[in-house]
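Visitor: First the structure, which I've put down as structure tokens, then a few questions once you've had a look.
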């Protein structure tokens, strides 16, 4: 793969990382806190209607990001060191473990039993693990992009 294609590939992954980060922030900072305002009678229907959309517009792009980041181990631009790509994968692994072991069980509880203030509070209390990793991951990608752009300036 040419260096030009590597930089283009990196740019696409970079854009996907920021899409996923933004979507995660809307979910964690906008949607989850306002779930407390939805009436108990409507909550389960709302939650179960929203869940497939979250999978389609957040989870699937996030999995694509993970796969493409894995590919960056070999296809990254020459100016991008291996360690930040590896660190991005480690951060995604932390998010994956948190999601599977903490968030998904809470989401399943809400989907099966409906509104639960305690479950929503647990979701809010444990979500910082995911968004902190997202902030660090986005920062790594921003730094890596600065390396790619610096290389462009030198050319």
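Laboratory data are not the source of any read-out in this text; all were calculated from the coordinates shown. What you see is a predicted model, and the numbers here were worked out from it, not measured in a lab. Using ideal geometry, Cβ is built from the backbone for each residue, glycine included, and neighbour counts are taken over all protein chains shown.
Visitor: Using label points projected 7 Å from each Cα along Cα→Cβ, tell me how many nm separate residue 93 and residue 59, to one decimal.
Guide: With each label placed 7 Å out from Cα toward Cβ, I get 2.2 nm.
Visitor: For an R0 of 25 angstrom, estimate the FRET efficiency from the Cβ-Cβ distance between residue 107 and residue 136 and round to the nearest 0.05. If you can, show how the numbers build up before the last one.
Guide: Numbers: r = 24 Å, r/R0 = 0.95.
The computed FRET efficiency comes out at 0.60.
Visitor: Using a Förster radius of 41 Å, what is the FRET efficiency between residue 12 and residue 125 based on their Cβ-Cβ separation? Nearest 0.05, please. Could the numbers behind the result be given before it?
Guide: Details: r = 34 Å, r/R0 = 0.84.
The calculated FRET efficiency here is 0.75.
Visitor: Would you mind checking the tilt of helix 60-75 against the longest principal axis of the Cα atoms of the chain, expressed as 0 to 90 degrees and rounded to 10?
Guide: Helix 60-75 and the main axis of the chain meet at about 20 degrees.
Visitor: Next up: Between region 11-36 and region 45-75, how far is it from one alpha carbon centroid to the other, in angstrom?
Guide: Region 11-36 and region 45-75 have Cα centres spaced 11 Å from each other.
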